[in-house]
1. Within the set of pairs 6 or more residues apart or between chains, which connect a residue that is closer than 11 Å to C:Ala129 by Cα and hydroxyl-bearing (Ser, Thr, Tyr) inside the range C:192-210 to a residue that is part of a strand (DSSP E or B) and at pLDDT 85 or above with Cβ atoms less than 9 Å apart?
2. If we only count helices (runs of 4 or more DSSP H) wholly inside the range B:1-120, which ones have 1 or more residues that are buried (at least 20 other Cβ atoms within 10 Å of the Cβ)?
3. Looking at (1) small (Gly, Ala, Ser); (2) in contact with a Lys or Arg (Cβ under 7 Å, 6 or more places away or on another chain); (3) within 11 Å of another protein chain (Cβ to nearest Cβ); (4) assigned to a helix (DSSP H, G or I), which is the one condition that is false for B:Gly128?
4. Tell me yes or no: at least one residue of the range B:231-246 is surrounded by fewer than 21 Cβ atoms within 10 Å (Cβ to Cβ) and under 18 Å from the mean Cα position of the chain (by Cα).
5. Residues in the range B:328-338: is at least one among the aliphatic types (A, V, I, L, M) and more than 9 Å from chain C (Cβ to nearest Cβ)?
6. Can you name every residue in the range B:343-376 that is without any contact (Cβ under 8 Å) to a residue 40 or more places away in the chain and among the hydrophobic types (A, V, I, L, M, F, W, C)?
7. Please work out which residue is nearest to the other protein chains (Cβ to nearest Cβ), limiting yourself to the range B:265-299 and to residues that are touching a Lys or Arg at 6+ places or on another chain (Cβ under 8 Å) and crowded, with 24+ Cβ neighbours inside 10 Å.
Amino acid sequence: MSARRIIVRIGFVLLLVVLAAVMLVIGRGHTVYFDNKTLEYEGQTYSAPYRVVVYIKGQPIAKLKARERGMKTTIGQSFGMALGITQEKDGEEQIIECFQKLPYNMDGVIINLPGYLAGLPEEAYISEFVAAPPAEDEDEAPGEDEEMLIDAEL
Amino acid sequence: MESSEKKNLGTAILEFIRNNIVPIMFIVICFFCIPLSGFSPSYLINEIVTRMGRNIFLILCLLIPIMAGMGLNFAMTLGAMAGEIALIFVSDLQIWGIPGVILAMIFSIPFSILLGLLCGSILNRAKGREMITSYIISFFLNGLYQLVVLFMMGSIIPIRHFSIKLPRGYGIRNTVSLLNMRQCLDNLLAVYIRGVKIPVLTFLIIGLLCLFIIWFRKTKLGQDMRAVGQDMQVARDAGINVEHTRLISIVISTVMAGFGMIIYLQNMGNLSTYSSHSQIGMFCIAALLVGGASVDKASIGNVFLGVILFHTMFIVAPSAGAAITGDSMIGEYFRVFCSYGVITIALVMYESKKRRSRSRSAQELARAAARETESAGKAAVK
Amino acid sequence: MRNESKDQNLNSPSKPQDVRKTVPAPQQAAELEKAQMGPVRALAASFGLPRLIITAFLLLMFIAAPIVGNDFWTQISNVINRFSWNAILVLAMVPMIHSGCGLNFGLPLGIISGLLGATLSIEFGFTGAASFFMAILIATPISVVLGCGYGWLLNRIKGGEMMIATYVGFSSVSFMCMMWLLLPYHSPTMVWGFAGKGLRTTISLEGFYSEALARLLRIQIGNLSIPTGTLLFFALMAFLMWAFLHTKTGTAMTAVGSNPTFARAAGVNVDRMRLLSVVLSTWLGALGILVYEQGFGFIQLYNAPFYMALPAVSAILIGGASVNKASIVNVLIGTFLFQGMVTMTPTVMNSIIHTDMSEVIRIIVSQGMILYALTRKSEGGSH
């Protein structure tokens with residue numbers, strides 16, 4: 001094999017590795033939960049506004065009254081949203097554009113909106129959402145015989 | 001004059017029917033079953049287009065081993081397993097959407113190459129019975145796959161995500177949800193024409209693969225493969241490394257099957273860990289043969305025709321069966337019977353053709369030998 | 001290429017005297033090779049490494065069973081029982097291997113004939129042991145007819161038997177799936193209760209021929225129970241097979257398998273011999289499934305016969321047969337080893353590590369064995 005071919009091959013493998021690395025970074029999926037809930041932090045109380053509307057790309061994703069939770073799945077760590085905040089009933093809606101970097105290793109990210117709006121440090125308003133594992137206990141693998149069962153979906 | 005021409009035409013038609021008996025049979029079946037099933041044309045077309053997008057890539061991977069004279073690659077399931085393992089890792093890493101699909105394809109490559117090399121070297125030791133051997137390899141590897149996925153993943157191979165791990169702490173669940181990458185390729189650039197969704201990107205990828213196959217046929221390696229497929233001994237005398245060429249053809253097929261499986265599963269939206277791959281080889285091969293391919297000759301056109309005919313039959317058979325007999329199970333069994341029947345007929349036709357040509361060439365040889373002795377005798381008399 | 005590659009010069013003027021000269025050569029070479037090896041390696045070579053490993057594994061299982069708290073004699077009884085159910089199905093492999101048709105992956109065709117015999121016998125109202133003999137009686141003509149068709153097909157496609165046999169089996173099973181629903185069966189023990197038609201997936205043989213053979217002369221000592229009747233029936237069949245292989249027809253059949261050109265030159269009708277072997281194989285398949293059912297106690301229809309050929313194939317290969325050589329001893333050893341492995345592993349494994357890996361082990365061992373046989377250069381084949 002000529003040196004040129006070896007270099008081309010190594011280059012190709014490197015390209016794949018780089019591509020894989022890029023995909024690992026940009027493809028990480030998260031579920032973001034928005035909590036419109038009063039937050040206690042270092043003795044301070046940050047109370048929830050009357051209503052928060054979460055817009056993503058101009059679409060309202062969730063309309064949250066106090067003590068409600070909304071969610072949205074997203075790919076990648078940069079998460080842009082707009083919050084429409086109504087402090088009092090029948091009050092004026094005030095729109096805030098905001099941008100949040102999500103921690104890579106969290107599947108479910110809870111953002112406490114009152115804490116976020118108050119400008120607290122990240123560890124105060126971001127927490128991890130841990131879902132209960134689905135209760136399903138089928139630990140038998142199908143044997144050869146069951147393989148013949150004809151799957152209608154193809 | 002005229003009558004002989006007519007006769008020629010008649011034999012030509014007969015010959016055509018004989019060579020294309022399987023597609024013609026399927027056209028007839030579809031022709032009868034479609035009205036009986038009572039499906040609307042738009043539903044049918046939608047279904048067929050979806051199934052084309054999801055299956056063609058997988059079926060195309062069968063072409064290259066056929067080119068190399070290794071018959072129908074029943075071991076394409078190996079590629080499917082590699083794709084599934086890659087998808088399990090991607091799900092574990094929680095990479096979603098198109099990046100997830102691309103990452104899975106990259107991950108599948110090393111597994112596919114490894115399995116392809118294994119399969120190819122076994123097949124090189126079983127020349128002349130590649131098909132039955134590849135068929136058994138697919139079963140054997142299914143055992144190894146279960147050993148790895150059911151017992152090693154989570155215990156030896158780190159799998160941390162609870163959603164794909166069995167509650168007992170190791171092994172992968174029976175179904176792995178791919179909801180987060182469901183139809184992400186199909187939906188990007190999708191075009192709707194009168195309610196029929198056309199997954200343009202998927203078709204583009206398929207088109208690229210077709211171009212690759214056409215290009216590959218013309219390369220040195222592709223030419224070598226065809227030479228090996230024609231006659232191994234002649235190819236070897238011509239200085240082609242037969243074993244190596246055959247090995248490469250299986251590796252390419254396996255890698256492509258891995259990609260195909262990922263495209264297939266992103267469309268389905270969930271992975272049946274222990275059964276997704278088991279039937280895929282059989283159905284792909286049946287579809288290819290329905291398109292008029294044979295064990296030693298298959299083209300891209302066969303793939304497209306085959307997918308359309310086979311899947312039309314597959315969609316309409318249960319309800320057509322229910323309409324005729326009042327039992328939808330009949331239709332389900334019927335379509336399975338059709339898939340097996342088609343493969344059987346194609347194999348029988350191939351083998352008997354091979355035998356005919358073999359005995360013909362033997363007869364010619366004998367005749368030539370006789371002529372030679374005759375002329376030698378004449379010369380002696382003179 | 002398999003040994004039929006010799007068939008290439010099928011109709012060409014062959015030179016039998018040349019062939020005759022080359023026939024004993026590989027055997028001589030093998031003898032020579034054996035003589036050069038040490039005794040241990042010679043044993044390994046003659047017994048086969050995979051077989052040695054499986055035997056060792058099984059021995060380990062037998063030793064481990066009482067240690068981990070399984071009752072030894074119950075285990076032995078289980079193994080013998082399973083042996084008695086499956087032995088005839090494995091025996092069905094022998095004729096086709098002898099005639100050079102390769103491993104009979106088309107065994108489901110024989111099984112289908114057996115199932116037809118069984119269901120028809122019950123449909124006609126036979127009960128008890130009589131239903132068993134009626135089932136055999138009905139299955140025989142069916143299997144002969146199907147076997148003739150199958151044999152005729154295999155004669156047209158010499159060289160590609162195994163693949164086509166596989167798919168003939170599959171097609172026939174899926175065809176019968178439709179037939180089980182459509183055929184006009186009425187016996188209330190067999191059809192679905194609510195619909196009144198279409199056979200059930202499993203039919204209990206209670207009151208019919210469940211344990212018809214096993215009950216005969218059964219020996220019961222403590223936990224050890226031996227189904228003497230079934231074993232005797234198998235012994236009879238094995239003896240008949242052995243005797244048949246030593247008749248003139250039988251030796252002719254073997255000749256066809258080991259060297260078709262030579263056999264043709266000697267005036268043997270190759271195609272007839274092959275046809276006969278296929279019919280025999282199919283009939284034994286039918287018989288085998290009936291014996292299996294009487295032990296198991298149920299008739300399994302629809303998808304059940306799909307993969308019944310593979311265990312039988314791997315059993316005979318484990319027993320030391322190759323793609324073109326098999327004997328009764330191979331059947332005995334192979335069935336015992338294979339069924340022993342299948343029966344012992346789940347219980348012992350479960351006791352040791354509390355997970356059932358036996359299924360996976362079974363698949364790997366049995367398919368690995370078939371692969372091993374397929375990749376070995378067959379003796380008498382192309383050199």
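1. C:Ser210/C:Ser204; C:Ser210/C:Phe298
2. On the way: elements: B:2-19, B:21-37, B:41-60, B:63-67, B:76-93.
Passing ranges, in order: B:21-37, B:41-60, B:63-67, B:76-93.
3. (4)
4. no
5. no
6. Of everything in the range B:343-376, those that are without any contact (Cβ under 8 Å) to a residue 40 or more places away in the chain and among the hydrophobic types (A, V, I, L, M, F, W, C) turn out to be B:Val348, B:Ala362, B:Leu365, B:Ala366, B:Ala368, B:Ala369, B:Ala370, B:Ala376.
7. Looking at residues that are touching a Lys or Arg at 6+ places or on another chain (Cβ under 8 Å) and crowded, with 24+ Cβ neighbours inside 10 Å, I get B:Thr273.
Listed here are the residues, each with its yes/no results for (1) in contact with a helix residue (DSSP H, G or I) (Cβ under 7 Å, 6 or more places away or on another chain); (2) under 27 Å from B:Gly229 (Cβ atoms).
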{"site": "B:Gly292", "(1), (2)": "yes, yes"}
{"site": "B:Val295", "(1), (2)": "yes, yes"}
{"site": "B:Ala298", "(1), (2)": "yes, yes"}
{"site": "B:His311", "(1), (2)": "yes, no"}
{"site": "B:Ser319", "(1), (2)": "yes, no"}
{"site": "B:Gly326", "(1), (2)": "no, no"}
{"site": "B:Met329", "(1), (2)": "yes, no"}
{"site": "B:Val336", "(1), (2)": "yes, no"}
{"site": "B:Tyr350", "(1), (2)": "no, yes"}
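The values are calculated or read from the model by the stated rules, or taken from the named source; none is laboratory data. This structure is a prediction, so every number in the text was calculated from the model and none was measured. Note that each Cβ is placed from the backbone with ideal geometry, even for glycine, and that neighbours are counted across all protein chains shown.
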